[in-house]
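A.B. asks: Take a look at this one; I'll ask things after.
The values are calculated or read from the model by the stated rules, or taken from the named source; none is laboratory data. These figures come from a predicted structure and were not determined experimentally. Note that each Cβ is placed from the backbone with ideal geometry, even for glycine, and that neighbours are counted across all protein chains shown.
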Amino acid sequence: MSVSNETAAVSALPGDLVGEGLACRRGERLVLARLDFRLAAGGALVLTGHNGTGKSSLLRLLATLLPPAAGRLLWHGEPVAADVTRYRGALHYLGHLDAAKPAMTPRETLHFWCTLHGAAHPAIDMGLMTFGLDRVADWPCRWLSAGQRRRLALARLIAAPAPIWLLDEPTAALDRDGEARLVAAIAAHRAGGGRVALATHQPIDVPQALSISLDDYAVQPDDPLAMLW
């Protein structure tokens with residue numbers, strides 16, 4: 001399913017994550033504008049587009065690490081800006097960096113993450129098993145390969161459950177087994193009512209996802225909208 005930039009503004013329903021007329025700025029440049037979407041329980045949003053179209057910037061906006069240049073983000077029918085702390089407590093953001101301390105083990109890393117995230121019911125062993133890390137769970141992270149460190153970053157999604165996953169190039173450094181485990185984890189999360197938004201350059205099996213190419217929302221230098229920022 002794909003949408004174009006003529007899509008009408010969407011209405012916020014209880015339980016939905018909604019973007020209305022979003023515009024995103026990277027540095028001094030407006031990179032995208034006029035973006036609407038609605039992500040219901042069990043939904044998935046796949047962001048594609050050429051380099052520089054704002055995929056990572058948009059995910060950072062959804063994670064409240066960047067403010068929208070225009071428009072608004074709503075969660076459960078209320079503007080995210082009204083209670084940022086509550087919204088942040090409902091999400092996991094996985095960026096390009098895996099944040100693995102060399103001296104810590106995968107098990108210690110997940111324990112630290114669960115504590116930091118305030119997980120009421122940590123699932124550390126499940127996180128390790130889901131991404132095939134149980135046999136290296138007590139190795140120092142300095143011994144892990146790039147793919148294993150990526151698996152560890154992904155294992156945080158399972159160890160400290162949250163309803164919204166924001167994933168930036170989640171298949172980076174993964175082999176086929178790792179990709180299959182990620183696809184299965186996303187499917188299970190959605191089946192339980194979770195929501196996923198991910199940016200990717202590589203094909204990934206996310207059935208019935210809302211696919212948005214940010215090429216369709218790019219702001220050109222001669223666009224009158226660009227003059228407003």
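A.B. asks: Show the residue pairs that are 6+ apart or on different chains and have beta-carbon atoms under 6 Å apart, the first residue being within region 32-50 and more than 12 Å from LEU62 (Cα to Cα), the second being in a loop (DSSP other than H, G, I, E, B) and of a type in the set (Val, Ile, Thr).
C.D. replies: Pairs that qualify, where the first residue is more than 12 Å from LEU62 (Cα to Cα) and the partner is in a loop (DSSP other than H, G, I, E, B) and of a type in the set (Val, Ile, Thr), are ALA33/VAL219; ASP36/THR7; ASP36/VAL10; ARG38/VAL10; ALA44/VAL206; VAL46/VAL206.
A.B. asks: Is it the case that some residue within region 183-190 is farther than 20 Å from ALA40 by Cβ and either among the small types (Gly, Ala, Ser) or modelled with pLDDT of 95 or more (or both)?
C.D. replies: yes
Each row is one residue, and each column tells you yes or no for (1) among the acidic types (Asp, Glu); (2) touching a residue at least 24 places away in the same chain (Cβ under 8 Å); (3) part of a helix (DSSP H, G or I).
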| residue | (1), (2), (3) |
| --- | --- |
| SER56 | no, yes, yes |
| PRO68 | no, yes, no |
| ARG86 | no, no, yes |
| PHE112 | no, no, yes |
| ARG135 | no, no, yes |
| GLY147 | no, yes, yes |
| ARG151 | no, yes, yes |
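A.B. asks: Another question about this same structure. For GLY43, state whether it is of a type outside the set (Phe, Trp, Tyr) and on the phi > 0 side of the Ramachandran plot.
C.D. replies: Criteria not met by GLY43.
A.B. asks: With GLY89, GLY95, GLY118, GLY127 as the choices, which residue is at positive phi and of a type outside the set (Val, Ile, Thr)?
C.D. replies: GLY118 is the lone residue from the list that is at positive phi and of a type outside the set (Val, Ile, Thr).
A.B. asks: Also, I was wondering about something else. Report yes if ILE204 is in contact (Cβ under 8 Å) with a residue 12 or more places away in the chain, within 25 Å of ALA41 (Cβ to Cβ) and part of a helix (DSSP H, G or I), otherwise no.
C.D. replies: Spelling it out, it is not the case that ILE204 is in contact (Cβ under 8 Å) with a residue 12 or more places away in the chain, within 25 Å of ALA41 (Cβ to Cβ) and part of a helix (DSSP H, G or I).
A.B. asks: Now for a different question. Take the residues in region 185-201 that are touching a residue at least 24 places away in the same chain (Cβ under 8 Å) and of a type in the set (A, V, I, L, M, F, W, C), then tell me which one is surrounded by the most Cβ atoms within 10 Å (Cβ to Cβ).
C.D. replies: ALA197
A.B. asks: For ALA119, are the conditions met, namely being surrounded by fewer than 20 Cβ atoms within 10 Å (Cβ to Cβ), within 20 Å of the chain's Cα centre (by Cα) and modelled with pLDDT under 95?
C.D. replies: Answer is yes for this residue.
A.B. asks: Suppose we filter region 26-54 for residues that are surrounded by fewer than 16 Cβ atoms within 10 Å (Cβ to Cβ) and not in a strand (DSSP E or B); how many remain?
C.D. replies: 8
A.B. asks: So, in region 60-101, how many residues would count as being basic (Lys, Arg), loosely packed, with under 13 Cβ neighbours inside 10 Å and under 15 Å from LEU17 (Cβ atoms)?
C.D. replies: Number of matching residues: 1.
A.B. asks: Within region 120-133, track down each residue that is touching a residue at least 40 places away in the same chain (Cβ under 8 Å) and part of a helix (DSSP H, G or I).
C.D. replies: Of everything in region 120-133, just one residue is touching a residue at least 40 places away in the same chain (Cβ under 8 Å) and part of a helix (DSSP H, G or I), namely THR130.
A.B. asks: Out of all the residues in region 88-106, which are in a loop (DSSP other than H, G, I, E, B) and of a type outside the set (Asp, Glu)?
C.D. replies: GLY89, ALA90, GLY95, HIS96, LEU97, ALA99, ALA100, LYS101, PRO102, ALA103, MET104, THR105
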